[in-house]
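Enquirer: Once you've had a glance at the structure underneath, I'll fire off some questions.
The values are calculated or read from the model by the stated rules, or taken from the named source; none is laboratory data. Source: prediction; values computed, not measured. Here the Cβ positions follow ideal geometry from the backbone for every residue, glycine too, while neighbour counts run over all protein chains shown. Accessible surface is based on the protein model in full, side chains and every heavy atom, while ligands, DNA and RNA are left aside. Shrake-Rupley method; radii C 1.70, N 1.55, O 1.52, S 1.80 Å.
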Amino acid sequence: MKVVHVSPYPMSRPGGVQSNVRDLCAWLESAGHGARVVSPEPPGTEAGPGALHLGRAREVVIHGTGFEFSFASPAALRRAARELRDWGADILHLHTPWTPMMPWQLWRRMGLPTVATFHATLPETDSPGLEDRYIARAARRYHAKLDALIVPSAAPQAQWARLGLDPLPEILPPTIDLSDWRAGDTGGARRPGPFRVAYLGRFEARKGVDVLIEAWNRRPESLRDAELVLAGRGDLPAPLPEGARLVPSPDRAEAIRLIADADVSVAPAGYGESFGLVLIEAMAAGTVPVAAANAGYATVMTGEGAALTFPPGDADALAARLAGLAGDPARLARLTDWARGHAMEFDVSRVGPRYLEVYDRVLSARS
């Protein structure tokens, strides 16, 4: 089987969708299948093996998060479609395809059996704006036209239920190759130095970095000697607090090291999360995650993890969670062991075969 994954975001930029695409493609090839990735990229970006750059992307912000608006010229589309057909493409897998426009353009031109994963969970609103009405209209169109729809958890699935669509998209967790994160795990060896808290992600409104900074400024005396590491890209929403250091745009190896060296990883996003890749990665690295109890993160923070969540936007509750873990090393060690085992439930070695079942089903239905 030969699968073409279409990312609306540049693969050269870090992100959860890009990680999911990259890890699923690598697993498919290790299982004896073909996989290629189509994505819009900045001029001059070098194409890796199997990559096909199509269109240009421009970043815009909606609902507090950044994404790319991409477009491919008719001539570029013809060349890409010809190359993929010559390669022997069997099936398209679109990722977040309501992000315009290149994925739509390629989907319409190729005419292949198509699967789509809708990664995002959008905030609920009583007065939907133009973009919300557009997404609702696009959802109905994709529901009618695509061969299979996937969402990563019950959180985004509920959006489709509110539109009255039946059947609902099936739930499949994102694919995550945890081998690098597990390799970063110190195995319980305590890093010398103060209690360390880390954040890894974009510094944008939706991610709740302002809540973490506020919690750090309000932290109790027991955490006054602790250290906060803020790693990511963008502009901080508030001044860097005392006891914190900034790591701009770390590469993958540095990001893994930062999380593995921390005692706790914080994910304070208040909304817009469909799953919790950052939580699973931290767990695999042997670091306990503390997370806002948004609908997506709640699907990951089950069992013992439920006690590690806090109400979205509640800086005092976040500070209390951190202080509680810092003051109870035995509990922290027990939760670290739980986290390592829980993470493996989401490794690509377990989830990848389920995607293959979807592809087989779609191809069989079309034959």
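Enquirer: Any chance region 50-67 includes a residue that's at pLDDT 90 or above, of a type in the set (F, W, Y) and open to solvent by 30 Å² or more (accessible area, probe 1.4 Å)?
Expert: No, every residue in region 50-67 fails to be at pLDDT 90 or above, of a type in the set (F, W, Y) and open to solvent by 30 Å² or more (accessible area, probe 1.4 Å).
Enquirer: Could you list all residues from region 195-225 that are of a type in the set (A, V, I, L, M, F, W, C) and open to solvent by less than 10 Å² (accessible area, probe 1.4 Å)?
Expert: Of everything in region 195-225, those that are of a type in the set (A, V, I, L, M, F, W, C) and open to solvent by less than 10 Å² (accessible area, probe 1.4 Å) turn out to be V197, A198, V209, L212, I213, A215, W216, L223.
Enquirer: Then there is this: Somewhere in region 20-40, is a residue touching a Phe, Trp or Tyr at 6+ places or on another chain (Cβ under 6 Å), free of Cβ contacts under 8 Å to residues at least 12 places away in the same chain and within 25 Å of V278 (Cβ to Cβ)? Break it down into steps so the answer makes sense when it comes.
Expert: To start, the set of residues in region 20-40 that are touching a Phe, Trp or Tyr at 6+ places or on another chain (Cβ under 6 Å) comprises none.
No.
Enquirer: Something else about it: Considering only region 88-107, state which residues are touching a Leu at 6+ places or on another chain (Cβ under 9 Å) and in contact (Cβ under 8 Å) with a residue 40 or more places away in the chain.
Expert: Passing the criteria: A89, D90, I91, L92, H93, L94, P97, M102, P103, Q105, L106, W107.
For (1) of a type in the set (V, I, T); (2) part of a helix (DSSP H, G or I); (3) open to solvent by less than 10 Å² (accessible area, probe 1.4 Å); (4) modelled with pLDDT of 95 or more, each residue gets a yes or a no:
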residue: V3; (1), (2), (3), (4): yes, no, yes, yes
residue: Y9; (1), (2), (3), (4): no, no, no, no
residue: S12; (1), (2), (3), (4): no, no, no, no
residue: S19; (1), (2), (3), (4): no, yes, no, no
residue: W27; (1), (2), (3), (4): no, yes, no, yes
residue: G32; (1), (2), (3), (4): no, no, no, yes
residue: V37; (1), (2), (3), (4): yes, no, no, yes
residue: P42; (1), (2), (3), (4): no, no, no, no
residue: E46; (1), (2), (3), (4): no, no, no, no
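Enquirer: Being touching a strand residue (DSSP E or B) at 6+ places or on another chain (Cβ under 8 Å) and either in a loop (DSSP other than H, G, I, E, B) or open to solvent by 50 Å² or more (accessible area, probe 1.4 Å) (or both) is the filter here; which residues of region 151-167 pass it?
Expert: Scanning region 151-167 gives P152, S153, A154.
Enquirer: Give me the residue from region 300-325 that is closer than 16 Å to G270 by Cβ and open to solvent by 20 Å² or more (accessible area, probe 1.4 Å) and, out of that set, farthest from the chain's Cα centre (by Cα).
Expert: D316
Enquirer: Given the criteria in contact with an Asp or Glu (Cβ under 6 Å, 6 or more places away or on another chain) and assigned to a loop (DSSP other than H, G, I, E, B), does P241 qualify?
Expert: In short, no.
Enquirer: Which number in (1) over 20 Å from R196 (Cβ atoms); (2) open to solvent by less than 70 Å² (accessible area, probe 1.4 Å) marks the one condition that E345 misses?
Expert: Here E345 clears every test but (2).
Enquirer: Kindly list, by first and then second residue, each pair from a residue in region 354-366 that is at pLDDT below 95 to a residue that is outside any helix (DSSP H, G or I), limited to pairs with Cβ atoms under 6 Å and residues at least 6 apart or on different chains.
Expert: Once the first residue is at pLDDT below 95 and sits in region 354-366, its partners that are outside any helix (DSSP H, G or I) give R366/P113.
Enquirer: Anything in region 168-194 that is open to solvent by 30 Å² or more (accessible area, probe 1.4 Å) and assigned to a loop (DSSP other than H, G, I, E, B)? List them, or say none.
Expert: L168, D177, D185, T186, G187, G188, A189, R190, R191, P192, G193, P194
Enquirer: Another question, if that's okay. Of the residues in region 83-123, how many are open to solvent by 40 Å² or more (accessible area, probe 1.4 Å) and under 18 Å from M1 (Cα atoms)?
Expert: Count: 6.
Enquirer: Under 7 Å between Cβ atoms, which residue pairs at least 6 apart in sequence (or on different chains) link something in region 155-174 that is modelled with pLDDT of 90 or more with a partner that is outside any loop (DSSP other than H, G, I, E, B) and polar (S, T, N, Q)?
Expert: L168/Q157; P169/Q157; I171/Q157; P174/N20
Enquirer: Okay, moving on. Looking at A306 and the list (1) farther than 20 Å from A183 by Cβ; (2) touching a Gly at 6+ places or on another chain (Cβ under 8 Å); (3) of a type in the set (G, A, S), which single condition is not satisfied?
Expert: Checking A306 against (1) farther than 20 Å from A183 by Cβ; (2) touching a Gly at 6+ places or on another chain (Cβ under 8 Å); (3) of a type in the set (G, A, S), the one that fails is (2).
Enquirer: I want to confirm something. Restricting to region 271-287 and keeping residues that are within 24 Å of A333 (Cβ to Cβ) and open to solvent by less than 10 Å² (accessible area, probe 1.4 Å), which single residue is nearest to the chain's Cα centre (by Cα)?
Expert: Among residues in region 271-287 that are within 24 Å of A333 (Cβ to Cβ) and open to solvent by less than 10 Å² (accessible area, probe 1.4 Å), the one nearest to the chain's Cα centre (by Cα) is G276.
Enquirer: Follow-up question, since we're still on this one. Say we look at region 133-146 and pick out the residues that are open to solvent by less than 60 Å² (accessible area, probe 1.4 Å) and over 21 Å from the mean Cα position of the chain (by Cα); which of these is modelled with the highest pLDDT?
Expert: L146
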